[in-house]
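Trainee: For reference, the structure I am asking about is given below.
The values are calculated or read from the model by the stated rules, or taken from the named source; none is laboratory data. Because the structure is a prediction, the values reported are computed rather than measured. Note: ideal-geometry Cβ built from the backbone for every residue, glycine included; neighbour counts use all protein chains shown. These accessible areas exclude ligands, DNA and RNA; they are computed on the full protein's heavy atoms, side chains included. Shrake-Rupley method; radii C 1.70, N 1.55, O 1.52, S 1.80 Å.
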Amino acid sequence: MAVTLKQIADSAGVSTATVSRFMNADPSLSITQKTREKIIKAIEDLGYDKQPRAISIPRNIALLDTTEPTDLVQDEYFDTVRESVAEFSRTHNLTLTTFTTLKDILKNAKKVDGFIGIGPRTLTDRELTRLHSALPHGVFIDTNPAPHLFDSVQPDLQQTIVDAIDILTRSGKKKIAFIGGDDASPDTHHRKELRSRTFIEYATSCGLDITNLVYDKGPFCVETGKTLTEQLIANHKEAMPDAIIVAADSLAVGVLQSLAAAHIAVPHDVAVVSINNMPIAQYMSVPLTTYDIDIHELTNMAVTLLTQAISRKRERTAHAHIGTKLVVRSSFVPERI
């Protein structure tokens, strides 16, 4: 037998009208946190959310945004992530509140049901443990700082690097360099970032000589790309690599600037392949061939994982990797895809 709004109201000790307004996320409805929790408990206990007519229980969630301004390209990426999280939160009947520090989200933990985290991995293991104690349901986008504690949704960067090496070698590129950045987590003990590690391991397994061809120190920004490319050019001015894989478009802007300043033609002298497919990629002096990350798919998956974890009270973590797609422009045109 189908559960009715009256049964929910009776169980929660409120009026049917209050339940109806709550279910429809009426912005003018003013109820206490305790009443809100009673209504949600009644919905879940009676199984209303599991009826054939699917519903989305209104929830309060937090966006833990630890990003800091770096440069316009990197900031644009996170702006798109924020907008997409907000969009899918509305679709799933969620009220979203943004917090930028651990202190603030912990202070308001009782007011939210879970969180979505974006930005560099700046939280320590101790901070992540404190966060989990206060909010056990959370999903990180782009990173996986505590896979044993929280869910995550990430672009499949490992496979993307493998694909980039494969498509370059199939096009006859034999000397391939890599330009990346540092892992921002304070608990990685100087471990190389995933894209760097994958490049080194897979390129080596393919028999490529990458001696002095990996440059990956610094934040993911334009200036880092310029500086690292200048170092690459200085070390290999007599025999430049015939291709460069760049870990992110924010770096690639600087890479192309340094190559142009040194009168190294792209793609004639060196091919360049990047990751992100930010809007600026198509407007560079040499339009950039880059792997597209589907931000909307990342955020949609993150919101879905979070709402499922909250409603099912799931205790085991879940992790999803979303594939990327090569967008071909002038900086590298493969012989065959």
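Trainee: Rounded to the nearest whole Å², what accessible area per residue is found for the chain with the 1.4 Å probe? Show your work: numbers first, answer last.
Mentor: Values: 16390 Å² over 337 residues.
Per-residue accessible area for the chain comes out at 49 Å².
Trainee: If you take all C-alpha pairs in segment 233-289, what percent of them are over 15 Å apart?
Mentor: Values: 671 of 1596 pairs.
When every Cα pair of segment 233-289 is considered, 42 percent fall beyond 15 Å.
Trainee: Please work out how much length the chain gains when fully extended from Asp75 to Gln33, using 0.36 nm per residue of separation minus the C-alpha to C-alpha distance, in nm with one decimal. All intermediate terms of the calculation are to be shown ahead of the outcome.
Mentor: Details: separation 42, 0.36 × 42 = 15.12 nm, distance 3.47 nm.
The span from Asp75 to Gln33 would gain 11.7 nm if fully extended.
Trainee: Using Cα-only point scatterers and the Debye equation, what is log10 of I(q)/I(0) for segment 159-288 at each q in 0.13, 0.16, 0.17, 0.18 Å⁻¹, rounded to two decimals?
Mentor: For segment 159-288 at q = 0.13, 0.16, 0.17, 0.18 Å⁻¹, log10 I(q)/I(0) is -0.47, -0.74, -0.84, -0.95.
Trainee: Tell me the mean residue ellipticity at 222 nm calculated for the chain from its helices only (DSSP H runs of n ≥ 4, each -39500 (n - 2.57), averaged over every residue, nearest 500). List each step's numbers first, then the result.
Mentor: Working: 11 runs with 138 residues, N = 337.
Computed ellipticity for the chain at 222 nm equals -13000 deg cm²/dmol.
Trainee: Between Arg197, Arg316, Arg130, where does the largest GNM mean-square fluctuation fall for the chain, given springs only between Cα atoms within less than 10 Å?
Mentor: Between Arg197, Arg316, Arg130, it is Arg316 that shows the largest mean-square fluctuation.
Trainee: Mind scanning Lys41/Lys107; Lys111/Lys325; Lys107/Lys192; Lys217/Lys313 and naming the pairs with a C-alpha gap bigger than 29 Å?
Mentor: Details: Lys41/Lys107 23 Å; Lys111/Lys325 39 Å; Lys107/Lys192 34 Å; Lys217/Lys313 41 Å.
Flagged as over cut-off: Lys111/Lys325; Lys107/Lys192; Lys217/Lys313.
Trainee: Let me ask something else about it. Computed FRET efficiency, Cβ-Cβ of Arg170 and Asp104, R0 41 Å: what is it to the nearest 0.05?
Mentor: 0.25
Trainee: Report, to the nearest 10°, how far helix 194-205 tilts away from the longest principal axis of the Cα atoms in the chain, using its own Cα long axis and a range of 0 to 90°.
Mentor: On a 0 to 90 degree scale, this one is about 50.
Trainee: Sort out the exposed loop GluC sites (Glu not before Pro) in the chain (DSSP loop, at most 15 other Cβ within 10 Å) and tell me the longest stretch that has none.
Mentor: Values: sites that count: Glu238, Glu315, Glu335.
Answer from the scan: 1-237.
Trainee: Right, here's the next one. With springs only between Cα atoms under 10 Å apart, run a GNM on the chain and tell me which of Gly323, Gly13, Gly119 wobbles the most.
Mentor: Largest GNM mean-square fluctuation: Gly13.
Trainee: Please express the shape of segment 216-337 as an equivalent ellipsoid: the semi-axes are the square roots of 5 times the eigenvalues of the C-alpha gyration tensor, given largest first in whole angstrom. Walk me through the numbers before you get to the answer.
Mentor: Numbers: eigenvalues 251, 50, 28 Å².
Taking √(5λ) for each eigenvalue gives 35, 16, 12 Å, largest first.
Trainee: Write down the percent of antiparallel bridges among all DSSP beta bridges whose residues are both part of the chain, to the nearest 5.
Mentor: Details: 4 of 38 bridges.
Taking every DSSP beta bridge within the chain, about 10 percent pair in antiparallel fashion.
Trainee: Once the Cα gyration tensor of the chain is found, what semi-axes does its equivalent ellipsoid get, as square roots of 5 times the eigenvalues, in whole Å, sorted largest first? Walk me through the intermediate numbers first.
Mentor: Values: eigenvalues 434, 70, 56 Å².
Equivalent-ellipsoid dimensions as semi-axes: 47, 19, 17 Å.
Trainee: Residue by residue through segment 172-180, what is 3J(HN,Hα) from phi via Karplus (6.51 cos²θ - 1.76 cosθ + 1.60, θ = phi - 60°)? Round to whole Hz and write x for glycine and proline.
Mentor: Karplus-based 3J(HN,Hα) across segment 172-180 equals x, 7, 10, 10, 10, 9, 9, 10, x Hz.
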